[in-house]
Structures are given as structure tokens and as C-alpha cells.
1. At 1.4 Å probe radius, can you tell me the per residue accessible area of segment 82-193 in Å²?
2. Compare CYS141, CYS30, CYS66 in a GNM of the chain, Cα atoms joined below 10 Å, and give the one with the largest fluctuation.
3. Please list the three semi-axes, largest first and in whole Å, of the ellipsoid equivalent to the chain, using sqrt of 5 times the eigenvalues of its alpha carbon gyration tensor.
4. Over segment 4-62, consider all pairs of different Cα atoms and compute the Kirkwood hydrodynamic radius from their mean reciprocal separation; express it in Å, one decimal.
5. How large, in Å, is segment 1-108 by the Kirkwood hydrodynamic radius built from its alpha-carbon pairs?
6. State the percent of C-alpha pairs, over all pairs in segment 51-163, separated by a distance greater than 19 angstrom.
7. Please state the relative contact order of the chain as a whole percent: Cα pairs under 8 Å, 6+ residues apart?
8. What residue among GLY145, GLY63, GLY17 has the largest mean-square fluctuation in a Gaussian network model of the chain, using Cα springs under 10 Å?
Amino acid sequence: MQELEERIQSEGTVKAGDVLKVDAFLNHQCDVRLFDRMGAAWAKHFAGKHITKILTIEASGIGIACVAAQHFGNVPVVFAKKAQSINLDGDQYTTTVYSFTKQKEFPVIVSKKYLNAGDHVLLIDDFLANGKALRGLIDLCKAAGATVEGIGIAVEKGFQGGGDVLRADGYDVDSLAIVESMDPGTGEITFRH
């Protein structure tokens, strides 16, 4: 998606440790118009798929997923929570994922009320690096007996390999921008095409 790549080039910041900061428009301050165009791009890519639910992880994927849901007939958006809370009652699906950004493991939890065997799920997230968060969402879907129809990613860090492994495993991964390389010294970002 050309527009997203241009925004990453103009407003993104490359930091040491393979960190790409895009909080001006994607995951701190949200450009809802851009999210809408991202949702339209995913709807076009996944047009032949039967999507009944969108699943993401809190917090950065929620806004993107909610706007994108409008392009899939306003299907419900479910987000996996990263911590137990008194609001999470009843039976739950739980797994553990490692966050590249936070450099730690955390639980991801979804109530069994909101993820079911008949669901055809589109996974959406802001970033894909090593693929651990998406593996966690896939595990939750498997536990529920739900079908993963596809994976929509805003920014994939292609050089970290998570997307390539998911594709090799048969998942339809549609990343709107794939960063092939980035240099914290020069700030240069190269995209895969």
C-alpha cells in the first residue's frame, strides 16, 4: 500500500534494536482515514473469504481492527486481553506470547463466549516481526475450533522472518507495507515489493 509506505518514510523513525516507531499515525495517535483505507485494502484482498469475526491483541491492533471491520459487514471485533481482570469471567482460552517490542512474555486471553467453533476469523495487527503474537492468536482460534481465514498486517518487518514462516505454513498473510531493511544510523527504510 503506497500511502502507508509513504507515511512510514516521512513520519517513521528507525531506532536501535530493529524498532520502527510509527506512533504519529498508527499505534499511539491514530489516523482513522488511513485505517479506513487499510480496511478497504484488506477487504479487497480477502474478498473471497467468509469472515465472521476479526481477532486482534490489545492495544495497538484494536483501532485498526474496528475501522477495518466496517469493510467486512461490521463483523464483531474481539481483542485478546493481555492480563486477567475482574471483567473477564467464565471460561477462557489462554496462551502465552513473547512481545518483541516489550521484550517479555505475557498471557493472551479471550472469553469462550466470543470465539466459537463456527467462526471464520481474520487476524489483524499493527506489526508483524517474529510472528509470536500471531501464533498466539492462531493458538486461541485452534483451541476454539475457529477457522483462520487470513491475517491482515499494517507493517511487516520482513527481515525478521515471521511473515515468511506464516506464509510457508499456509496462512494468507496480507501485509500492507513490508520493510525489507532499516538503518538506525541513517534512518533509511527499504520496502519489499
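1. Working: 5130 Å² over 112 residues.
Heavy-atom accessible area per residue stands at 46 Å².
2. Maximum among the listed residues: CYS30.
3. On the way: eigenvalues 139, 69, 48 Å².
Here the semi-axes work out to 26, 19, 15 Å.
4. After inverting the mean inverse Cα-Cα distance, the result is 13.3 Å.
5. Values: mean 1/r = 0.0634 Å⁻¹.
After inverting the pairwise mean of 1/r, the radius is 15.8 Å.
6. Working: 2552 of 6328 pairs.
The calculated P(r) of segment 51-163 puts 40 percent of pairs beyond 19 Å.
7. Working: 377 pairs, mean separation 38.0, N = 193.
Normalised by residue count, the contact order of the chain is 20 percent.
8. Between GLY145, GLY63, GLY17, it is GLY17 that shows the largest mean-square fluctuation.
The values are calculated or read from the model by the stated rules, or taken from the named source; none is laboratory data. From a predicted model like this one, the values you see are computed outputs, not experimental measurements. Note that we place each Cβ from the backbone using ideal geometry, even for glycine, and neighbour counts take in every protein chain shown. SASA here: full protein model, heavy atoms, side chains in, ligands and nucleic acids out. Shrake-Rupley method; radii C 1.70, N 1.55, O 1.52, S 1.80 Å.
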